[in-house]
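For reference, the structure is listed below as structure tokens.
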Amino acid sequence: MARVDLHHISKRYPGVTALDDVTLTIDPGEFFTLLGPSGCGKTTLLRTIAGFNSHDTGEVLFDDVRVDTLPAHRRNIGMVYQDYAIFPHKSVADNVAFGLEMRGIARPERAERVAHALDIVQLGALGARMPHELSGGQQQRVALARAMVISPQILLMDEPLSNLDAKLRLELRDDIRDLQRRLGITTIYVTHDQEEALVISDRICVMQSGRVHQVASPREIYARPATLFVGTFVGAMNVLPDLAPAADGTIAIGTTPARLAPLAGRARATLGIRPEDIEIASVPMGDAFNVVATVDKVTYAGSEAFYRLRADDGLRLHAHVYRPDPDALHAVGARVVTALPFNRLHAFDAASGERIAL
């Protein structure tokens, strides 16, 4: 268990800034996730921590000890890869033992530690099997056991579930989180899957184009996104066309003008709202922007329903209703009042994309 500090890490390739002055602290025992779209820099940052990539500026420290001057094999990290990276010609037990063998651990201790690691990942009876005899989920468990058996300070995981089918992803995701909590090991996890990040993480770092947009708990990331990018990348969000508030912050959406004081003095602002925060009614609601719309599509899924709505001015909205009354669903073509409650709106500066607290 170790604290990881990254101070002003930058990495540039010709025409591309892979990492742009990244500064982060990952606490001891924390499950910390790097989240973002492909090409955002998350894997580059993970490999920089591991020592597989060089960086142009900055420092990497484990427990206040600078390690970016050390080669990867001297950083005491465990690494789990997307493609398992286990040796096809070695048995399960020999794969797990590899790191211990390279460290000169005596055979009796190796056997004991391998057996313990395989028990932890629920493969205790499969040590003699060859990799081709295992399922994809079992192979990833072998990779996890191999990373943990060396007792690393830090566990690094690079999209370890992306090659598994949906059912296995859910199962192994929960197992990884339970295992990390039990062992208390500092874990840095890379994914582009927003739901996975929300479920598995203590904190999330959302990245785009090599830059950190927000570092916060899953709840904070979802409920109070720091930028428009975070709001639209993590979960669904209806984004309204940019608005030009009046001098006192008054704006009009649908049939309702309202004064939102934090928008006063801003040239342009962007509002967003989560689909589950939209109310569909037959009459206007108070403390909300009310938009008359036509139901373009309704999808009923038992415990929830999804609506696609089209306002008279062309605005498109998506609404998500939990536990809908199946006998009261709005039909395609129905005219409804779509209410956007003021206290559920997210506001962003149109130029910078940064959050405006309403």
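The values are calculated or read from the model by the stated rules, or taken from the named source; none is laboratory data. What you are looking at is a predicted structure, and each value in this text was computed from that prediction instead of being measured. Glycine gets a Cβ as well: all are built from the backbone with ideal geometry, and neighbour counts include every protein chain shown.
Assorted remarks:
- Top-ranked residue in the range 210-230 [being of a type in the set (Gly, Ala, Ser) and farther than 27 Å from Arg12 by Cα; ranked as nearest to the chain's Cα centre (by Cα)]: Ser217
- All conditions in (1) hydrophobic (A, V, I, L, M, F, W, C); (2) in a strand (DSSP E or B); (3) over 29 Å from the mean Cα position of the chain (by Cα) hold for Ala305, with the sole exception of (3).
- Residue match in the range 298-311 (condition: out of contact with any helix residue (DSSP H, G or I) (no Cβ under 9 Å at 6 or more places or on another chain), hydroxyl-bearing (Ser, Thr, Tyr) and assigned by TED's automatic domain parsing to the domain that holds Asp242): yes
- Residues (over 19 Å from Val80 (Cβ atoms) and outside any helix (DSSP H, G or I)) located in the range 92-123: Gly104, Ile105, Ala106
- Options Asp174, Asp193, Asp158; residue that is out of contact with any Lys or Arg (no Cβ under 9 Å at 6 or more places or on another chain) and in the same structural domain as Leu118 (by TED's automatic domain parsing): Asp174
- Count of the range 68-91 residues which are part of a loop (DSSP other than H, G, I, E, B) and crowded, with 23+ Cβ neighbours inside 10 Å: 0
- Filtered by the rule that a residue be within 23 Å of Val332 (Cβ to Cβ) and of a type outside the set (D, E, K, R), the range 265-284 gives Ile273, Pro275, Ile278, Ile280, Ala281, Ser282, Val283, Pro284.
- Subset of the range 152-170 that is touching a helix residue (DSSP H, G or I) at 6+ places or on another chain (Cβ under 7 Å) and surrounded by fewer than 17 Cβ atoms within 10 Å (Cβ to Cβ) - its residue that is nearest to Ser38 (Cα to Cα): Asn163
- Of the residues making up the range 10-51, those that are hydrophobic (A, V, I, L, M, F, W, C), more than 19 Å from the chain's Cα centre (by Cα) and modelled with pLDDT of 95 or more number 1.
- When every residue of the range 322-344 is checked against the conditions, at least one turns out to be loosely packed, with under 13 Cβ neighbours inside 10 Å, among the hydroxyl-bearing types (Ser, Thr, Tyr) and either at pLDDT 95 or above or assigned to a strand (DSSP E or B) (or both).
- Total residues in the range 48-67, condition of a type outside the set (Val, Ile, Thr) and part of a loop (DSSP other than H, G, I, E, B): 8
- Residue count for the range 270-283 satisfying the condition of being surrounded by fewer than 16 Cβ atoms within 10 Å (Cβ to Cβ) and either assigned to a loop (DSSP other than H, G, I, E, B) or touching a helix residue (DSSP H, G or I) at 6+ places or on another chain (Cβ under 8 Å) (or both): 2.
- One residue from Ala347, Ala319, Ala311 being modelled with pLDDT under 95 and either of a type in the set (Lys, Arg) or surrounded by 15 or more Cβ atoms within 10 Å (Cβ to Cβ) (or both): Ala311
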